[in-house]
1. Restricting to region 80-115, and then to whatever is more than 19 Å from ARG34 (Cα to Cα), hydrophobic (A, V, I, L, M, F, W, C) and not in a loop (DSSP other than H, G, I, E, B), can you tell me which residue is nearest to the ligand (Cβ to nearest atom)?
2. Which one of these is farther than 21 Å from SER148 by Cβ, of a type outside the set (Asp, Glu) and buried (at least 19 other Cβ atoms within 10 Å of the Cβ): TRP21, TRP67?
3. Given (1) over 19 Å from GLU130 (Cβ atoms); (2) touching a residue at least 12 places away in the same chain (Cβ under 8 Å); (3) surrounded by 15 or more Cβ atoms within 10 Å (Cβ to Cβ); (4) not hydrophobic (A, V, I, L, M, F, W, C), where does GLY41 come up short, assuming only one miss?
4. Just need a number here: residues in region 129-144 that are over 19 Å from LEU86 (Cβ atoms) and either within 10 Å of the ligand (Cβ to nearest atom) or among the acidic types (Asp, Glu) (or both).
5. Quick check on my filter: what residues within region 145-170 are touching a residue at least 12 places away in the same chain (Cβ under 8 Å) and near the ligand (Cβ under 7 Å from one of its atoms)?
6. Testing ARG126 on (1) touching a residue at least 60 places away in the same chain (Cβ under 8 Å); (2) among the basic types (Lys, Arg); (3) within 12 Å of the ligand (Cβ to nearest atom), one condition comes back false. Which one is that?
7. Of everything in region 44-58, what is in contact (Cβ under 8 Å) with a residue 24 or more places away in the chain and closer than 24 Å to ASN145 by Cα? Give them in sequence order.
8. So, in region 79-93, how many residues would count as being surrounded by fewer than 21 Cβ atoms within 10 Å (Cβ to Cβ) and under 14 Å from the mean Cα position of the chain (by Cα)?
Amino acid sequence: MEHDPQYTIELGDARVRLRPWNHADADALVDAVRDSVDSVGRWLPWCRADYGHDAAHAWIARCQDGWQAGNHFAFAVRSAADGSLLGGVGLNQFEPIHRRANLGYWMRQACQRRGLATAAAQHVARFGFEQLGLIRIEIVALPDNAASRATALRIGARFESIARQRLLVEGQPRDAAVYGLLRSDLP
Ligand SMILES: CC(C)(COP(=O)(O)OP(=O)(O)OC[C@H]1O[C@@H](n2cnc3c(N)ncnc32)[C@H](O)[C@@H]1OP(=O)(O)O)[C@@H](O)C(=O)NCCC(=O)NCCS
């Protein structure tokens, strides 16, 4: 499969539409990030009120490099109804020897708790299993990140462990909840 940044892949359903990040998404990304500082910024340090166009374009360029290199597959999630940007979901931290990757997600604050992260993440996970040949997908969340943990379960992943010092957060090693998702776990 060609992992070209212009690759015209589109995933989705009646509610969400997912495409690889494109520089045309930058304005909407800046708005969505700035609107989500309270809930997303609490867990993801790049989500700050001063997030600007340089940061957005740098992120999108990184995503396009990731598609080209075949080691990071990040999607912009948009509303199928009106095209507005809802958030982002991606597969990263590829471990090719074991065909494993990490699944990450964030949802714009005003659009949370509608099942949209679950739907979008399931599309990306299915893409990972079916198109990338992954065997296992991991979701790793801080133990007190209730929304992320509930989302992992709702996607179909199983809680496996609290892994000691699994994440480095602001320079501090932190224990984290690890969830494992297999193809057969998806609905
Ligand atoms: C995690 C996140 C993407 C969930 O997005 P969402 O669109 O609200 O998720 P969904 O609507 O699909 O809900 C999935 C589950 O999470 C639960 N949930 C969502 N927000 C929650 C919250 N704030 N507290 C507790 N549970 C929550 C939902 O109730 C649902 O569980 P249920 O079906 O058992 O009731 C969103 O909260 C977010 O962007 N968080 C900040 C970024 C982040 O932490 N990313 C993960 C890093 S590991």
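1. Among them, the one singled out is LEU103.
2. Of TRP21, TRP67, the one residue that is farther than 21 Å from SER148 by Cβ, of a type outside the set (Asp, Glu) and buried (at least 19 other Cβ atoms within 10 Å of the Cβ) is TRP67.
3. Exception for GLY41: condition (2).
4. 6
5. ASN145, ALA147, SER148, THR151, LEU153, ARG154
6. (3)
7. Within region 44-58, LEU44, PRO45, CYS47 qualify.
8. Residues in region 79-93 being surrounded by fewer than 21 Cβ atoms within 10 Å (Cβ to Cβ) and under 14 Å from the mean Cα position of the chain (by Cα): 3 in total.
Bear in mind these aren't lab numbers, they're just calculated from the coordinates by the rules spelled out. Here the structure is a predicted model, which means the values were calculated and not measured. As a convention, Cβ positions derive from the backbone with ideal geometry for all residues, glycine included, and neighbour counts pool all protein chains shown.
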